[in-house]
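Let me begin by presenting the structure, written as structure tokens, before commenting on it.
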Amino acid sequence: MPDGKRSFFNIEAAGLYLDRETYGLGGGFQARLLGWFGLIGEYRQYRDKSDKLTFTSFGADFALFQLGGFSWSAYVQYSAFSDLLALSGAGYGTRLQMFLGGRTALDFRIGKLSMTDIEFWDYDLRFGVFVNRVQVFVGYRAIESAEAKLAGFQGGMQLWL
Amino acid sequence: MVSLPSFIRLGRHAACQLILQLAVATTSLHAGTLKDFKKGVKKEQANNQPAKNEPEESSSTDGKSESGECGLGCAFFSAIFSAIGKAWIGYNTSIYYDDYPYAGKAPLWATYRDAGKITRREKKSSSGRVSADADRNKPAGLADDEEMYSDGTETIYEFDTLGNMVQKQVPRYGIRKKKDTAQRRSSPTTCR
């Protein structure tokens, strides 16, 4: 089982459930390359009966503090909405990854997306169980501002290399 | 001191709490369609826009999203080139900000690199001589024997953000010959 220390790489596939008519699918990766520096990327496509909204982000992740089983990092990224809504901007935030033992892990990310004339809070909270190098996770994902909210449950698999 | 195993136990407890909270949180999930999300975004953008609205910009954003002319790759490179362009233009204008009428109005970011040390670009002629404009320490557009003076106030009319016409009093400036220069010219010259 990976412990999140030093260098690692993972890719994921995830699904989101927002409500009965709205769902999302996507993927992502996290590559901690030099022990302290890494690349992150995420792609989500939200759909309902008539519309499609795509969210993409790509950026860098910097480890602030690491122990075996514990990683605290900060990230900056380029983020964009496309299709139904064309918005782009910078994202930044912090991420806490804890490997709790007993093949379980907790991953919490909180940040802000600063786009044209609007700022979103970006939360990602997930709890996972490892089966060898595959983590099966469930959690909550939200991108929200004062007037707009895109939030729901997520679940998926993450392959750790 | 909190040991790592106890910290991990705390984390496990937090994870269980999290799952329970998630189960309860279903009522606060995304409500409405993606169009509602878009409406919310547009509404908040309109609220956050500065006093001077820029309808051209917002309408062009709409056009992009609906016509699909500018996809993700286009938006990505557009954002990068736009940022480079703004930085380039910002740099090249900030060094002239000691020119009238921008005197003393250097942009905020320019102050970070010590606005006091910003030097004006010297325009050299083909002969290599530095131009008089760059040499003299005064607003551009004024001759060496000219100066600006305050000439009372004048009334102007502007539209406010609601489209109403408002009346404003603003200072008026004029350009005149410097007094000492004028006196020197009027005084008789002596021949040696």
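Could you work out the mean count of beta carbons from other protein chains within 10 Å of each residue's beta carbon in A:17-23?
What the average comes to for A:17-23 is 4.
According to the Kirkwood expression over distinct Cα-Cα pairs, how big is the hydrodynamic radius of segment B:142-181, in Å?
Details: mean 1/r = 0.0811 Å⁻¹.
Hydrodynamic radius (Kirkwood, Cα pairs) of segment B:142-181 is 12.3 Å.
Which whole-angstrom value gives the distance between the alpha carbon centres of segment A:44-64 and segment A:104-127?
Between the Cα centres of segment A:44-64 and segment A:104-127 lies a distance of 11 Å.
What does the average come to when, for each residue of peptide A:97-107, you count the partner chain Cβ atoms lying within 10 Å of its Cβ?
That works out to 3 on average.
Distance from a point 7 Å along Cα→Cβ of A:Arg103 to each backbone N in segment A:122-146: keep the residues under 13 Å and list them by number.
Counting backbone N atoms under 13 Å from the label point, the list is A:128-137.
Can you find, among A:Gly93, A:Leu106, A:Ser82, the residue farthest towards the positive end of the dipole of segment A:36-126? Put +1 on the C-beta of Lys and Arg, -1 on that of Asp and Glu.
A:Leu106
Quick one: which of A:49-60, A:74-85, A:21-32 comes out on top by average Cβ neighbours within 10 Å, and what's the full order, highest first? Before the final figure, lay out each step's value.
On the way: A:49-60: 16.7, A:74-85: 20.7, A:21-32: 18.5.
Going by the mean number of other Cβ atoms within 10 Å, highest first, we get A:74-85, A:21-32, A:49-60.
Which value in nm describes the separation of the simple spin-label points at A:Val134 and A:Ser50, placed 7 Å from the Cα toward the beta carbon?
That separation, rounded to one decimal, is 3.9 nm.
Order A:140-153, A:108-121 from most to least packed using the mean count of other Cβ atoms within 10 Å.
On the way: A:140-153: 20.3, A:108-121: 18.6.
Packing order, densest peptide first, comes out as A:140-153, A:108-121.
On average, how many beta carbons from a partner chain sit within 10 Å of the beta carbon of a residue in A:148-158?
4
Can you tell me the mean projection area, over all orientations, of the convex hull of segment A:56-161's alpha carbons? Units nm², please. Intermediate values should be presented prior to the final figure.
Working: hull surface 29.1 nm².
One quarter of the hull surface, i.e. the mean projection, equals 7.3 nm².
Could you check the simple spin-label distance between A:Ala60 and B:Ile156, using points 7 Å along Cα→Cβ, in nm with one decimal?
4.4 nm
Quote the charge dipole size of segment B:142-181 about the Cα centre in Debye, to the nearest 20; the model charges only the Cβ of Lys and Arg (+1) and of Asp and Glu (-1).
I would put it at about 120 debye.
Which entries of A:Lys52/B:Lys42; A:Lys52/B:Lys43; B:Lys42/B:Lys168 show an alpha-carbon separation above 28 angstrom in the structure shown?
B:Lys42/B:Lys168
Any read-out appearing in this document is the output of simple, stated calculations on the displayed coordinates, not a laboratory observation. Bear in mind that the values here come from a model prediction, so they are computed numbers and not experimental data. For neighbour counting, all protein chains shown are included, and Cβ atoms are generated from backbone atoms with ideal geometry for every residue, glycine included.
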